[in-house]
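Contents: one structure, followed by commentary.
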Amino acid sequence: MPRWSERADRAPLLAFTDSCLRGIGQILFANNPLSGLLILCGIFAASPWLGVATLVGVVSSTATAHLLALDRSRIRAGLYGYNGALVGGALATFLLPAWSPSLLLYAVVASAMSTFVMVAVSLVLVDQFHLPPLTLPFNLVTLPCLLVSFTTTHLQRSPMLVRHVEGPINTVLRESASGVAGSQAGALLEAVLRGVGQIVFADVPLAGVLILLGLLVWSRIGALFALVGSVVGLLVGMLLGGDGHDAYHGLWGYNGMVAAEALAGVFLVWDWRTALYGVTGAAASTGLYAGLAALFGPLGLPALTLPFCLATLVFLALKNASPVFRAVPLPKVTS
Amino acid sequence: MPRWSERADRAPLLAFTDSCLRGIGQILFANNPLSGLLILCGIFAASPWLGVATLVGVVSSTATAHLLALDRSRIRAGLYGYNGALVGGALATFLLPAWSPSLLLYAVVASAMSTFVMVAVSLVLVDQFHLPPLTLPFNLVTLPCLLVSFTTTHLQRSPMLVRHVEGPINTVLRESASGVAGSQAGALLEAVLRGVGQIVFADVPLAGVLILLGLLVWSRIGALFALVGSVVGLLVGMLLGGDGHDAYHGLWGYNGMVAAEALAGVFLVWDWRTALYGVTGAAASTGLYAGLAALFGPLGLPALTLPFCLATLVFLALKNASPVFRAVPLPKVTS
Amino acid sequence: MPRWSERADRAPLLAFTDSCLRGIGQILFANNPLSGLLILCGIFAASPWLGVATLVGVVSSTATAHLLALDRSRIRAGLYGYNGALVGGALATFLLPAWSPSLLLYAVVASAMSTFVMVAVSLVLVDQFHLPPLTLPFNLVTLPCLLVSFTTTHLQRSPMLVRHVEGPINTVLRESASGVAGSQAGALLEAVLRGVGQIVFADVPLAGVLILLGLLVWSRIGALFALVGSVVGLLVGMLLGGDGHDAYHGLWGYNGMVAAEALAGVFLVWDWRTALYGVTGAAASTGLYAGLAALFGPLGLPALTLPFCLATLVFLALKNASPVFRAVPLPKVTS
């Protein structure tokens, strides 16, 4: 869309809006404002409060990047927005109460911090190792921000944020999702779509559909492998005997989804080997999700997208050592 | 003080003493023997046993650097002393009994290790990223050394080193500090001064005063921002609703103190933006303190200065990416 | 053995067997198929199931390296085998039941992953810092793979893998090892030999003897310092007051063993200072073992060889900063 870009660049407010929408798109590597808008619709479809917090996050982190006079082309590509958007969404998901102004203020501050951490992580990963920062800054900011609620009184935790030792695990998908009519196949489809939505904390199938549409307007291969990754994640979860309630709500799917999209659709030149590699990476991310969930559970923390980040970085590190894969040059991906 | 330096360099024992005093000063970036002496007085004012352990630590780590024939100018600047000094102080604070010879021996060994870790951390941070090692080696050595007490019988833990899940938090500053007369304003002032003292485990207001004096003879801006940082830390702690007993004893202040000093007074060229940046960094360090305290509590560990190290490294990483700040070249800071 | 190497290179299957045996040897830096064979005999002497799982691991990770077309000379040197061998052995040790086909499949997948992680770790350690990856990939793969058992139902944990808070510690070596006749000296000797065996999870003295023989055919200094390291580890454990049952079963010895061998026998040019350095490194690794065991115990995880890896990397980082030691060039060590 060169004409839209040109128009946007002439009007500062339009440019800023465009940067923020691309920021939301960049959660799934889609440097495209329309993708961002569709993903945002998906988030609002799940919960308007979640949508507002995500918006506040992307605005705060993008504005911080302007304030610090960071590289303009990177700001315009949404690269200082996606971590902030996720920080906002995460705080609205794991802290209470909804629509609280002080919680929104907390999200503004935390999202701004994500821009600082993005610079630091890029200094290491991009500059030294030619690897993308992925959503690592989001994880590094959100985890301490959630932990703060355990040592202070002014932050209120949602029931999702509780220190627990693993109890009995119910592996039956259908029964776990109470009050849901329909077939087992329908439940599986829901789980896959919720898995897509969970990347932005949107736990409704409609969000998954809107996100996949958002990806489709940007890249067909990207959308395809996001879907494939969510399926792979769900299958690995069922194969390992993961909790059915979690599986139904898409928690086994979202890490695999982004991993498959990143490997097969974004950072490596597409061919059948890359496709296989994306599936493998999705499975590895999901396995790591199971591991990190066990590590973080007793600490009262969610695994967020740390499994995806760590597994994908390991898989991308191979691009220089193995002649089997060809990497898309990083600047070409990110701009 | 060129004349003192010259005289010191001619007499090996005097030079070693000078290196050790600078090492104590370097805990707060003050490459100045008089600063080190005043800080040491502050530590002794809090507890003679703490003072002896700190001295033993700085001597052991500095001597180890000589033994390994490390860079002489760095040894003379106290850069192989400050981590050892802190290791000694930490072990005397968190392990028992006081004046135990075997504990002192443990401090000698652990402080010597801090020199090895300093070399390794510098290899990564200084050589690759042009970032200062800060007190990271102190944290990396002390945390395992404290953990050892949980799996062995010959080390005795102080009541401060106990695995706990967060209980109710009392946010009223005055009432928490039992047996203290005086006004709320007096309690706040005490909390700020204890916050300065806590950087060397000295939990008395007099230590804070002596440390600020020590900084004053070296740099007025450094002293000012150490004070400002402790205030900011206390305010953030009260804003978040942190525990009043901890706040009174300065535990919310010391990370903010060093962070503000490092950013506004040491590593960046001073102007109003740097000043604001120092305040922001102090707030971020304190927020991270709250988060890490929640992570470490169930493990039975103190957060030490890890919050300051991590937050400050992130904030310093910005110096190359943003034109807003000008960095003082690292060799100029550290010598 | 140039003639054996030449013959092996002409026959693909023989070459692959040779690579795998060297892979087992490389667990202890011995790039020698006969060493690998003797170590493998030691593992089988402890438990045939452990032996099969180790074999499956080394075959899977070496085959994965071929599949990814990684550097052939590194594959032939066994460098893509040793982590996989350890992953296989670890899963057979900490998961149940023995001889389970699905557990063996899990080992195949996990060991294959170790090759990916080896590439990523080498990108950082070897390429950037000229430091060896040691057995870090094994730790980074095994820990999440064991954690998965806490959030899923299809993996069964052995009694060794349980979340525990430290209880009373029995420091008497002899009494702890129930049902063992003989003298205190005999128990100490057993503990030292089991310490050697524990590096491959082989908890019988005969395994220690076979491993030392395997090292002897490759390097006398290597074998000597492996023995010395196990002794140092046991002594440090007793000095700190570690658990006698663990000490008898070699758990205090294996990290010290590899550390001493690595520092005095592999990566530094041998002289009396290096020998002293190896002993110091063995002591530091063992201290770190005590610390990490306390950190990992409540999480239900074993410390594996993480203490050895971290301590040895710190000690090797010194090679550029201190003129006291001369390093063997890394390519010369690893091929």
Output for Cβ contacts, cut-off 8 Å, separation at least six or different chains, first residue within 18 Å of residue A:193 (Cα to Cα) in segment A:30-46, second open to solvent by 10 Å² or more (accessible area, probe 1.4 Å) and outside any helix (DSSP H, G or I), reads A:35/A:217; A:35/A:218; A:38/A:217; A:43/A:201; A:45/A:204; A:46/A:201; A:46/A:203; A:46/A:204
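This table checks each residue for (1) among the acidic types (Asp, Glu); (2) modelled with pLDDT of 95 or more; (3) surrounded by 24 or more Cβ atoms within 10 Å (Cβ to Cβ).
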position: C:256; (1), (2), (3): no, yes, yes
position: C:263; (1), (2), (3): no, yes, yes
position: C:292; (1), (2), (3): no, yes, no
position: C:316; (1), (2), (3): no, yes, yes
position: C:326; (1), (2), (3): no, no, no
With criteria (1) modelled with pLDDT under 95; (2) more than 7 Å from every other protein chain (Cβ to nearest Cβ); (3) open to solvent by 10 Å² or more (accessible area, probe 1.4 Å), residue B:161 comes up short on (3)
One residue is enough: does segment A:294-307 have a residue meeting the conditions facing chain C (nearest Cβ under 8 Å), farther than 12 Å from residue A:232 by Cβ, touching a Cys at 6+ places or on another chain (Cβ under 8 Å) and without any contact (Cβ under 8 Å) to a residue 24 or more places away in the chain? no
If we keep only residues of segment A:212-223 that are open to solvent by 50 Å² or more (accessible area, probe 1.4 Å) and in a helix (DSSP H, G or I), then the residue nearest to residue A:282 (Cα to Cα) is A:221
If you go through B:159, B:144, the only one that is within 19 Å of the chain's Cα centre (by Cα) and of a type outside the set (D, E, K, R) is B:144
Within segment C:171-187, the residues that are surrounded by 15 or more Cβ atoms within 10 Å (Cβ to Cβ) and either modelled with pLDDT of 95 or more or touching a His at 6+ places or on another chain (Cβ under 9 Å) (or both) are C:171, C:173, C:176, C:177
Looking across segment C:95-142 at residues that are among the small types (Gly, Ala, Ser) and farther than 23 Å from residue A:126 by Cβ, the single one that is most open to solvent (accessible area, probe 1.4 Å) is C:102
Out of (1) open to solvent by 20 Å² or more (accessible area, probe 1.4 Å); (2) over 17 Å from the mean Cα position of the chain (by Cα); (3) of a type in the set (A, V, I, L, M, F, W, C), the one residue A:268 does not meet is (1)
Of (1) of a type outside the set (A, V, I, L, M, F, W, C); (2) over 19 Å from residue B:314 (Cβ atoms); (3) within 11 Å of chain B (Cβ to nearest Cβ), residue A:93 fails just (3)
Counting only helices (runs of 4 or more DSSP H) entirely within segment B:1-94, those with at least 2 residues that are among the charged types (D, E, K, R) and more than 24 Å from residue B:144 (Cα to Cα) are B:2-10, B:12-26, B:72-76
When every residue in segment B:224-242 that is crowded, with 24+ Cβ neighbours inside 10 Å and either touching a Cys at 6+ places or on another chain (Cβ under 6 Å) or in contact (Cβ under 8 Å) with a residue 40 or more places away in the chain (or both) is compared, the one nearest to the other protein chains (Cβ to nearest Cβ) is B:242
When restricted to C:246, C:203, the only residue farther than 27 Å from residue C:318 by Cα, in a helix (DSSP H, G or I), of a type in the set (D, E, K, R) and open to solvent by 20 Å² or more (accessible area, probe 1.4 Å) is C:246
Counting only residues in segment A:32-56 that are closer than 18 Å to residue A:87 by Cα and polar (S, T, N, Q), the one most open to solvent (accessible area, probe 1.4 Å) is identified as A:47
Screening A:149, A:102, A:111 for residues that are more than 11 Å from every other protein chain (Cβ to nearest Cβ) and in contact (Cβ under 8 Å) with a residue 24 or more places away in the chain leaves only A:111
Among the residues of segment A:13-31, the number that are more than 16 Å from the chain's Cα centre (by Cα) and either open to solvent by less than 10 Å² (accessible area, probe 1.4 Å) or of a type in the set (S, T, N, Q) (or both) is 4
Going through (1) facing another protein chain (nearest Cβ under 8 Å); (2) at pLDDT 95 or above one by one, residue B:128 fails only at (2)
When residue A:321 is run through (1) open to solvent by 10 Å² or more (accessible area, probe 1.4 Å); (2) more than 10 Å from chain C (Cβ to nearest Cβ), the failure sits at (2)
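The values are calculated or read from the model by the stated rules, or taken from the named source; none is laboratory data. Just so it is clear, the structure is predicted and the values come from calculations on it, not from any experiment. With ideal geometry, Cβ positions are generated from the backbone for all residues, glycine too; neighbour counts draw on all protein chains shown. Surface accessibility is based on the protein's heavy atoms, side chains included, excluding ligands, DNA and RNA. Shrake-Rupley method; radii C 1.70, N 1.55, O 1.52, S 1.80 Å.
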